[in-house]
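The values are calculated or read from the model by the stated rules, or taken from the named source; none is laboratory data. Keep in mind it's a predicted model, so treat the numbers as computed, not measured. Cβ coordinates were reconstructed from backbone atoms using ideal geometry, including for glycine residues, and neighbour counts include every protein chain displayed. Surface areas here come from the heavy atoms of the whole protein model, side chains and all, with no ligands, DNA or RNA. Shrake-Rupley method; radii C 1.70, N 1.55, O 1.52, S 1.80 Å.
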2 protein chains.
Amino acid sequence: MGMVDFQTEPSRYRHWKLRFDGPVAHLVMDVDPEGGLAEGYELKLNSYDLGVDIELADAIQRLRFEHPEVRAVVLSSGKAGVFCAGANIRMLGRASHGHKVNFCKFTNETRMGIEDSAENSGQQFLAAVSGACAGGGYEIAMTAGHIMLIDDRRSTVALPETPLLAVLPGTGGLTRLTDKRKVRRDRADVFCSMEEGMRGRRAVEWRLVDEVVPPSAWDAKVRERALELAARSDRPEGAVGIVLTPLERRFRADGVDYPRVRVDCDRAARTATITVRGPAAVPADLEGIRVEGAAFWPLAVARELDDAVLHLRLNEPELGLVVLRTEGDPALVLAADGLLEAYKDDWLVREIRHNFKRVLKRIDLTARSLIALIEPGSCFAGSLAELAFAADRALMLAGTRGGDNRTAMIAVSALNFGAYPMSNGLTRLATRFLGEAETLAAAEGLMGQLLDAEAAEAAGLITVAYDDVDWEQEVRMMMQERASFSPDALTAMEANLRFAGPETMETRIFGRLTAWQNWVFQRPNAVGEDGALKRYGSGIQPTFDPQRV
Amino acid sequence: MGMVDFQTEPSRYRHWKLRFDGPVAHLVMDVDPEGGLAEGYELKLNSYDLGVDIELADAIQRLRFEHPEVRAVVLSSGKAGVFCAGANIRMLGRASHGHKVNFCKFTNETRMGIEDSAENSGQQFLAAVSGACAGGGYEIAMTAGHIMLIDDRRSTVALPETPLLAVLPGTGGLTRLTDKRKVRRDRADVFCSMEEGMRGRRAVEWRLVDEVVPPSAWDAKVRERALELAARSDRPEGAVGIVLTPLERRFRADGVDYPRVRVDCDRAARTATITVRGPAAVPADLEGIRVEGAAFWPLAVARELDDAVLHLRLNEPELGLVVLRTEGDPALVLAADGLLEAYKDDWLVREIRHNFKRVLKRIDLTARSLIALIEPGSCFAGSLAELAFAADRALMLAGTRGGDNRTAMIAVSALNFGAYPMSNGLTRLATRFLGEAETLAAAEGLMGQLLDAEAAEAAGLITVAYDDVDWEQEVRMMMQERASFSPDALTAMEANLRFAGPETMETRIFGRLTAWQNWVFQRPNAVGEDGALKRYGSGIQPTFDPQRV
C-alpha cells in the first residue's frame, strides 16, 4: 500500500454523495468498487476500506463547519438492496496487523465524531436502512441517534463477524449494542451469532432498530423523522459557514511542513518531532475570527496537527517516539484562548473548540510514546499546554541556556479546565490529579500566569525539570531508553496508563473492545492461512484451533 | 504440564507459612525453589508460578472461614533480601499462551480476593516489604491497604516488566497504580520504565508505598500498624471458625464427581456439562448452619463448583462450551437462601454469601461459552438462578416432557437483588436489565414465586423457551453452531458482552489490562524466539520488530 493521504474534499469523493435539502443533509454511501486504497480487492456491496472512511470523516467535518444550516443528517445507501456490507473482507485478509489496527482506530474515531456532532454540534443523525446492513454497516447505523429499517422482508441488520469471520464487531459494535442501545446481553449474544441478522418487529423489540417502516411509507417517514430531528437542533439561524480550505503541505524525505506545524523524522532514532508554532497574531473579536475562517490559528493549527498525527500513524509505523515541541509566544496562545472562551456561545467558536478537543483525543489514542519537551522559546500555554498534559512525560528546561536569555514558561488557561475532555469525560488535568482535588484546584488558581520550571514542577504540571547542564544528556538517555523497549509493551502500557478514572462508552470501545480485537487480529484462527479471514469466500471452511484460553 | 489441582491445605504448603499472633496473622512467602508445578524452572528469589498462587488463594480462604479471630494479615517474606521477584520468567517463557492467560487470570482473582477480604470480611492486609519487591511481587503488595517499605537503602518496589520482559505488569499492576493508588500518570510511566525501581521518600511522595521505616524501628512499627488495622476490624468477638474440610472428588476419564456437582465431558462435542444438585435438606436455624459447617449446602456446593470451573479452565482447554444444569427442589434452594438472608449479619453467613459471590464471578470470567439449560427437575431458584443469569444464554423447556409430568420452573429470591454483584458492581439482573429499570423492578416483585417458561420469558429472565417437540433439536443446533465458531472470537465477544454498565477497578483489570496483556502475550516481541521472555537471562538482548501498531 502506498502513502495514505487523509486530505480530501467533496469534489474528489468516490464513495459518498452529499445532498442538501434545507435543514436536512443526505449523506449517501455509494462506494465505487474500483476505488479501493490498495490493489487486490473490489469494494463490492458498499463494503469499505480506510479510503471510504477518510471521505466520511471529511464529510462529517465539513457538515459542521461549512453548513451551519444543516440540523439533521440522513445516512442512507445509494445502492439498491444493500445499505452497507461492512469492512471489506479481502482488504482485511490481506492487510498487515498494523494496518488493520489503525484502520479500526480511525473508523472508531470517525464514528465517535458522528456522535460528537449530534451531542455537541446540533447535527442529529438518522440512519435510514434499506437493504442488508451488516457488520461495520450496522456499526455505522448505530452511530445515529435514530435507526429506521424498511420492512420489505429483505432488509436486515446484522453483526455476523463472529460466525463468518472469526473477528469481533470491533469498530464499536459490541459496545454500542450493550452500552448505547442497551440490548439485553443474552439477546446480544444471539444476535451476534446470526449470520442472517434480524428484521421486523423483533428487531424493534430487541432494541436493534428504533422503528420499522413499510416500503409504501418509507420516503415520507424518513423525511418526517429528519425534520423532527432538525426541529430539535440548536444550530444557528442565518449563519454562514466557513470553507475548510485545503491544507498547505510539503512532504520532505525526512518530514512534512505545514505553515504552523513541522514534522521531522529521525529514522535512525525512530523518533518523529512535531513542532507546533503558536499564533503570530490573533484577531480582535468574533468578527475577526469569522473573517479569518479556516486561517484562524486554533482551527488551522488543529487541522494541520491532526493531519500530521494521522500521517505518522499510517505512514511512519516505525517511529515509535513522538516528541512534541512548540515555538512561539505563550501570551498570544493565551490571547487566542481568551477569544475561544469569550465567544464560546457562537456556533463557529463552538466548532473550533470541539475540533481542537477531537484532535487532542486523537493524540491520546495514538499508539506512540509521547514526550513533550518544554524549552526556551516554546509556548506550552493554554490549548497548547494540553500537548504536555497529553504526553506520557513532559520534560522542562529550568533556567536559561548558554547564549539565550529566554526561560521556558508554561501556563494554563480557562480552556484547560473543561473545554477539552479526554475520552474518559475528564479534562487531562483532572485525570492527571485524580487523587488530588486540591492540586487540581491550585492549578486552576494559576490560570493565566507564566510559570517557570520550578513553579510548574511544584504545581505538578510537568514530570521533571533539568537545568541546561543536564538537559541534553537526560533527554538523550530517556529517548534511547524508550527506543530500546518493546513497541508492543509500550503500546499496551500507554493504553492503560493514559486513561485513569471513569469509563465511558468511548473508553470502553478504545480500551476493552479494541484491545480484544487487536488480540483476535493476531490469532491464527482469524488471520492464519487456514483462518476465517483468509478463507472467507474461498468455499473452504476455516480450520480452528479448539483451545480456549 | 500435568493436571493442575487447585485443592490444598496448610499442612501441604510448600511456599507459604501461616503464623498466628492473636488478632494478627502473618502470611509469609517463602517459596521452595524446587516446588514448581512443572519441570524446567527453579522458583528462585520468591518468584512464583500457579502452584504458589494456589496456596495463597487457599490461605486467604481459610483465614476467612477458619479464623474469625484474625483481624489483620501481615504479608511478608521469609527470605532475606527479597520480598518477591514476581512471576517466574522461565516458567512464563516456556508456558503456552493459554497457560499464561489462565495463570494471570487466577492470580488476578486471588488478588481481588485479598481486597474482598479487607472490604467485606474485616481482614485488613498490610504489606511489610523488606527486600526487592518487583513485578508481581509489588502487585501482591498493592493488594494490601497499607504498604510499608523498610528504608535500608536496598529494598525497593519496582514494576520492571516493560523494560525487562516486554510484557505488562498485568496482574493488576498498571490499574492498581492509577486507580487504587492514584499515582500520577506520568510518574507511573517513569516508574514502569525503571528496572531498578524506587525507594525512600520519593516512593512515598509518588504514592508507591504508604510509609518508609528505618530498620531499627521496623519490627515494632510493623507490629504497631498491624494492631492499628486490627482495631478497625468488625470481625466478631469469641467466634469459632469452621474447618474447610477436603473436597470429596472422584475423577473419571470423562468427568469429575463431587457430592453436589457433576462434570461430564463430551470431548467430541467439545462440551462440558456441569450439573449442580440442590440441597436435600436445610438446617432449621443459625445454630444448624454452624453445626453443618463446611457441609452446609450453599458453602459446600460453591466450593465444589469453584473447583470444577478451575479444573475445566486449566485441564480441559478444548471444551469450549459449558452447559449449566441443576437438579433438585427449587423450594429447598429458596429455603437455603432464606437462611442466608435471615442471618446475613452473622460473620459465618457473611462469609458464605461472599464466597458464593466470588464463585459466580469466577464463572463470569471463565472464557467458555456458558449455556444454561432449564429443564423439568431442575432448581434454578435464587442463588442457583444466578447460573442462568451468568450464562450467555438460558434456554428453558416449556410445558412437560413425554412420560414426565414435571414442569421446569425458575424463581428469584432476595439474594438475586444485591448479594451477588458482578465485577462491575451491579447484580446480574441489574446488568441484564440495564436500560429497563421497570423490568428489574417487576422481577423483584416476583420474588419467591415459581415461574414457568412462559412467565420467565415474559419477565425477561430467560433467553428463549422451546416446547418438548422442538427442545432437543434446537438445543443441539445451537450447540453445534457454537462449537463451529472461532474459540478466540467467542472469548473476545463474551468478554465484551458480559460486562455492560459501570466499570470498576476489577472490570478494568479483567477487561482492559488483561486484554492488552493477552495481546502482548501473542506478540513475537515478547514470546518469539528472539523475544524478551525467551531471551531473559541468556545474556543476549532481545530483538524487537520496531513497528508500532
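Here is a yes/no grid of residues against (1) free of Cβ contacts under 8 Å to residues at least 60 places away in the same chain; (2) in contact with a Leu (Cβ under 9 Å, 6 or more places away or on another chain); (3) on the phi > 0 side of the Ramachandran plot:
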site: B:373; (1), (2), (3): no, yes, no
site: B:379; (1), (2), (3): no, yes, no
site: B:391; (1), (2), (3): no, yes, no
site: B:400; (1), (2), (3): no, no, no
site: B:407; (1), (2), (3): yes, yes, no
site: B:415; (1), (2), (3): no, yes, no
site: B:429; (1), (2), (3): yes, yes, no
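Here are A:493, A:447: which of them is without any contact (Cβ under 8 Å) to a residue 60 or more places away in the chain and under 30 Å from residue A:267 (Cβ atoms)? The conditions single out A:493.
Got a number for residues in the range A:117-155 being of a type in the set (Gly, Ala, Ser), part of a loop (DSSP other than H, G, I, E, B) and touching a residue at least 60 places away in the same chain (Cβ under 8 Å)? Outline the logic, then answer.
Step one: list which residues in the range A:117-155 are of a type in the set (Gly, Ala, Ser), which gives A:117-118, A:121-122, A:127-128, A:130-132, A:134-137, A:141, A:144-145, A:155.
This time we only want the ones that are part of a loop (DSSP other than H, G, I, E, B), so: A:121-122, A:130-131, A:135, A:144-145, A:155.
Within this subset, residues satisfying the condition of being touching a residue at least 60 places away in the same chain (Cβ under 8 Å) are A:121-122, A:130, A:144-145, A:155.
Residues that pass the stated criteria total 6.
Exactly one of (1) free of Cβ contacts under 8 Å to residues at least 40 places away in the same chain; (2) under 21 Å from residue A:273 (Cα atoms) is unmet by residue A:435. Its number? With respect to (1) free of Cβ contacts under 8 Å to residues at least 40 places away in the same chain; (2) under 21 Å from residue A:273 (Cα atoms), residue A:435 is out only on (2). Candidates in the range B:178-202 are the residues that are small (Gly, Ala, Ser) and surrounded by fewer than 23 Cβ atoms within 10 Å (Cβ to Cβ); of these, the one that is farthest from the other protein chains (Cβ to nearest Cβ) is B:200. Scan the range A:239-286 for residues that are over 30 Å from residue A:485 (Cβ atoms) and either modelled with pLDDT under 95 or exposed (fewer than 13 other Cβ atoms within 10 Å of the Cβ) (or both) and the total you get is 10. All conditions in (1) more than 15 Å from residue A:54 (Cα to Cα); (2) modelled with pLDDT of 95 or more hold for residue A:92, with the sole exception of (2). For the range A:471-481, the criterion of being open to solvent by less than 30 Å² (accessible area, probe 1.4 Å), modelled with pLDDT of 95 or more and within 12 Å of another protein chain (Cβ to nearest Cβ) is met by at least one residue.
Hey, could you check the range A:526-549 for residues that are among the β-branched types (Val, Ile, Thr) and surrounded by 17 or more Cβ atoms within 10 Å (Cβ to Cβ) and say which is nearest to the other protein chains (Cβ to nearest Cβ)? Within the range A:526-549, the match that is nearest to the other protein chains (Cβ to nearest Cβ) is A:549. Summed over the range B:511-525, residues that are free of Cβ contacts under 8 Å to residues at least 60 places away in the same chain and more than 7 Å from chain A (Cβ to nearest Cβ) total 1.
When the residues of the range A:304-328 are narrowed to those that are charged (D, E, K, R) and more than 14 Å from residue A:279 (Cα to Cα), which ends up nearest to the other protein chains (Cβ to nearest Cβ)? My answer is A:318.
Taking the condition without any contact (Cβ under 8 Å) to a residue 40 or more places away in the chain, more than 7 Å from chain A (Cβ to nearest Cβ) and small (Gly, Ala, Ser), does residue B:453 pass?
On the way: without any contact (Cβ under 8 Å) to a residue 40 or more places away in the chain: no; more than 7 Å from chain A (Cβ to nearest Cβ): yes; small (Gly, Ala, Ser): yes.
Against the criterion (without any contact (Cβ under 8 Å) to a residue 40 or more places away in the chain, more than 7 Å from chain A (Cβ to nearest Cβ) and small (Gly, Ala, Ser)), residue B:453 does not qualify.
Counting only strands (runs of 3 or more DSSP E) that fall entirely inside the range A:350-469 and contain at least 1 residues that are open to solvent by less than 10 Å² (accessible area, probe 1.4 Å), the qualifying elements are A:369-374, A:393-398. Checked against the criterion of being in contact with a Pro (Cβ under 9 Å, 6 or more places away or on another chain), under 21 Å from residue B:354 (Cβ atoms) and among the basic types (Lys, Arg), the candidates B:235, B:277 yield just one match: B:235.
Looking only at the range B:385-410, which residues are within 26 Å of residue B:368 (Cβ to Cβ) and either at pLDDT below 95 or hydrophobic (A, V, I, L, M, F, W, C) (or both)? Spell out how you get there, then give the answer.
Initially, the range B:385-410 is screened for residues within 26 Å of residue B:368 (Cβ to Cβ), giving B:385-397, B:408, B:410.
B:385, B:387, B:388, B:389, B:390, B:391, B:394, B:395, B:396, B:397, B:408, B:410 - these are the residues of the range B:385-410 that are within 26 Å of residue B:368 (Cβ to Cβ) and either at pLDDT below 95 or hydrophobic (A, V, I, L, M, F, W, C) (or both).
Regarding the range A:163-177, can at least one residue be identified that is surrounded by fewer than 17 Cβ atoms within 10 Å (Cβ to Cβ), touching a residue at least 12 places away in the same chain (Cβ under 8 Å) and in a helix (DSSP H, G or I)? The answer is no; no qualifying residue exists.
Residue B:29 falls short of the stated requirement of being under 22 Å from the mean Cα position of the chain (by Cα) and open to solvent by 60 Å² or more (accessible area, probe 1.4 Å).
Summed over the range A:213-238, residues that are open to solvent by 70 Å² or more (accessible area, probe 1.4 Å) and assigned to a loop (DSSP other than H, G, I, E, B) total 4.
Looking at the range B:119-138, is at least one residue under 25 Å from residue B:367 (Cα atoms), charged (D, E, K, R) and either surrounded by fewer than 24 Cβ atoms within 10 Å (Cβ to Cβ) or at pLDDT 95 or above (or both)? No, every residue in the range B:119-138 fails to be under 25 Å from residue B:367 (Cα atoms), charged (D, E, K, R) and either surrounded by fewer than 24 Cβ atoms within 10 Å (Cβ to Cβ) or at pLDDT 95 or above (or both).
For the range A:50-71, the criterion of being on the phi < 0 side of the Ramachandran plot, touching a Ser or Thr at 6+ places or on another chain (Cβ under 7 Å) and not in a helix (DSSP H, G or I) is met by at least one residue.
Residue check: is residue B:490 under 21 Å from residue A:511 (Cα atoms), open to solvent by less than 20 Å² (accessible area, probe 1.4 Å), facing chain A (nearest Cβ under 8 Å) and touching a strand residue (DSSP E or B) at 6+ places or on another chain (Cβ under 7 Å)? Write out each step before concluding.
Working: under 21 Å from residue A:511 (Cα atoms): yes; open to solvent by less than 20 Å² (accessible area, probe 1.4 Å): yes; facing chain A (nearest Cβ under 8 Å): yes; touching a strand residue (DSSP E or B) at 6+ places or on another chain (Cβ under 7 Å): yes.
In short, yes.
Among the residues of the range A:4-26, the ones that are open to solvent by 20 Å² or more (accessible area, probe 1.4 Å), in contact with a strand residue (DSSP E or B) (Cβ under 8 Å, 6 or more places away or on another chain) and touching a residue at least 12 places away in the same chain (Cβ under 8 Å) come to 6 in all.
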